[in-house]
Amino acid sequence: RNVTGVQTCALPIYIFLDDERFPEKVNWIQLPLLNWTIVRNYNNFVDIIKKQGLPNFISFDHDLAKEHYHPSMYVSQEAYNKVMEDFKEKTGLDCAKFVVEYCADKNLSFPDYAVHSMNPIGRKNIISYIESFKKSRNSYE
């Protein structure tokens, strides 16, 4: 456990979660220059955290499979919710939920993160979910 209350793996790990892009191709937000571990889907994301512990930093994409690139995903929250019901593959929001649950179970703070998703509704949902968890944790400390 380090001073900030974030328990990280023995060696620093920085996860870049995206089904197709690489960190150097993300130029619409400022990502730290790190030695990224590139993760393409939910299952690999969960496996890495279960085996290596909480990353020091995570950059989230929302859409992690072809089925996630549905036009309705970008229209409204209501349209997004309707389309999400039919997905077979998990999204970046599911990954964020896994990390929240992992942190809650182990009484850890959420690691530093960014959301580089081009999906505006998905990006907002990931940030809202994480910030809600962080706010609830701060109210108990």
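The values are calculated or read from the model by the stated rules, or taken from the named source; none is laboratory data. If you're wondering where the values come from, they're calculated on a predicted model, not measured in any experiment. Quick reminder, even Gly has a Cβ in these numbers, built from the backbone with ideal geometry, and neighbours come from all protein chains shown. With ligands, DNA and RNA removed, areas are computed over all heavy atoms of the protein, side chains included. Shrake-Rupley method; radii C 1.70, N 1.55, O 1.52, S 1.80 Å.
The single residue among Pro111, Pro120, Pro71 that is closer than 28 Å to Asn27 by Cα and in contact with a helix residue (DSSP H, G or I) (Cβ under 7 Å, 6 or more places away or on another chain) turns out to be Pro120.
One residue stands out in the stretch 103-126 among those that are among the aliphatic types (A, V, I, L, M) and closer than 14 Å to His62 by Cα: the one that is most open to solvent (accessible area, probe 1.4 Å), namely Met118. Listed by first and then second residue, the pairs linking a residue in the stretch 25-38 that is more than 13 Å from Phe57 (Cα to Cα) to a residue that is outside any loop (DSSP other than H, G, I, E, B), with Cβ atoms under 7 Å apart and 6 or more places separating them unless they lie on different chains, are Ile29/Ala114. Pairing each residue of the stretch 62-82 that is over 22 Å from Ala114 (Cα atoms) with any residue that is of a type in the set (A, V, I, L, M, F, W, C) and in a helix (DSSP H, G or I), provided the two are 6+ apart or on different chains, yields C-beta distances under 7 Å for His70/Val83; Ser72/Ala79; Ser72/Val83.
I'm trying to understand the selection: among the residues of the stretch 58-71, which are under 13 Å from Val39 (Cα atoms) and not hydroxyl-bearing (Ser, Thr, Tyr)?
At the first step, the residues of the stretch 58-71 found to be under 13 Å from Val39 (Cα atoms) are 58-65.
Listed by number, the residues that qualify are Ile58, Phe60, Asp61, His62, Asp63, Leu64, Ala65.
State all residues of the stretch 103-116 that are touching a residue at least 40 places away in the same chain (Cβ under 8 Å) and part of a loop (DSSP other than H, G, I, E, B); if no residue qualifies, say none.
Hits for the stretch 103-116 are Leu108, Ser109, Phe110, Pro111, His116.
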